[in-house]
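Okay, so here's the structure we're looking at.
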Amino acid sequence: MSMVFSKNFAREVEGSNFPKWEEIFLSAQEEREREQVARQENLFLMRQCIADARNVLKDEHMMDMQSHVLSIAMTLFKKRASHAVYYKEDRCKEKFLKYWGKFKQKRPETEKTETASKAKGQKKR
């Protein structure tokens, strides 16, 4: 039994102060595609990290031993690597926006007041 990946997104409901939460699911195919994208990017990143680790050792005049290179590369990789979850969440967001459209972002109260006062000032002229 496999678990399906899903993510919740809030969408604005007209006439309500509270958002409605919509759960978006990925198909098994979409999930595999996102995992493949993450895998390819992680392989590319690991190669970059190995090259960067060698450069660090060279620049610091340290021994270019394989264990040192891999240790530094792994540390760099952990910092840089994007996880498969990011790609799955991104795909869910694409599906949400496609289905529900870009929902309106509420402006902070201060921005609303500033805009309203500017509009009033223009009307008086």
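Using the 10 angstrom Cβ neighbour count as an exposure proxy, how do Lys78, Lys88, Lys95 rank, fewest first?
Sorted ascending by nearby Cβ count, the order is Lys78, Lys95, Lys88.
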Cβ-based net charge around Glu60, under 15 Å, with every Lys or Arg adding one and every Asp or Glu removing one: -1
Packing-based exposure ordering (other Cβ within 10 Å, fewest first) of Met62, Met3: Met3, Met62
Calculated from backbone phi, Karplus (6.51, -1.76, 1.60) coupling profile of region 58-70 in Hz, x at Gly/Pro: 5, 5, 8, 6, 10, 5, 8, 8, 4, 5, 5, 4, 5
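Values quoted throughout were computed directly from the atomic coordinates according to the rules given, and no laboratory measurement underlies them. Predicted model, so just to flag it, every value in this text is computed and none were measured. Neighbour counts are summed over all protein chains in view; Cβ atoms, including those assigned to glycine, are modelled from backbone coordinates with ideal geometry.
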